[in-house]
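Asker: Just passing along the structure, written as structure tokens.
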């Protein structure tokens, strides 16, 4: 009998303790928000390459090296800083023709060029083609004010979470307290949105031509914030009740 009474006391004590912890635990709400800034880019990263094929590995590699040498000299002449272009990939591939049992070789090299003045786009692209570039793999638009726009997007994301949290707590007859935890969930995800074409001078004449659609890029920030929430006190609840009845 004593063992049963003791067990009941332990269970009751544990239950009361858990109930006290639950009552004292802060009431919380977790909300996610997003902030977006639409920006017209003023820079671009262009990926170009050169590819040559032949039956002699040394010869195709030499042909590639000659072109890359011309590319680097052209970029220097065009006042492109050395820190703004970089070799990305170099490979030499051997292929076999199973009918003739002969081998052929393909040499390829790619480079990225950070173009900080988009008005030079036509000049640079035509110059690269003239010196032997035969592979243009793509262009990625950027902004020179990335950090500034990221900061603005974060501020908008925080405001978005607060607005959502206030809507939730208002609907549950509570009020919003201080933020307890802030988590930054931002990923690098700028997306081009074609909006207009930039006018540029043609290398062949003075007539302005639309040759580069820069569009817009999206700078996005995502945050998650845990807020403390509390019940309205009795007076506030009575005041709201009276106001509702008067209406």
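Asker: Across all directions of projection, what mean area in square nanometres is found for the Cα convex hull of region 90-173?
Answerer: Projected over every direction and averaged, the Cα hull of region 90-173 covers 12.4 nm².
Asker: Next question. Determine the principal axes of the Cα atoms in region 43-142, then give the extent along each, sorted from largest to smallest and rounded to whole angstroms.
Answerer: That gives 50, 23, 21 Å along the principal axes, largest extent first.
Taken together, the values in this text are just the output of simple stated rules run on the coordinates, not laboratory data. Bear in mind the structure is a predicted one, so any value in this text is a computation, not a measurement.
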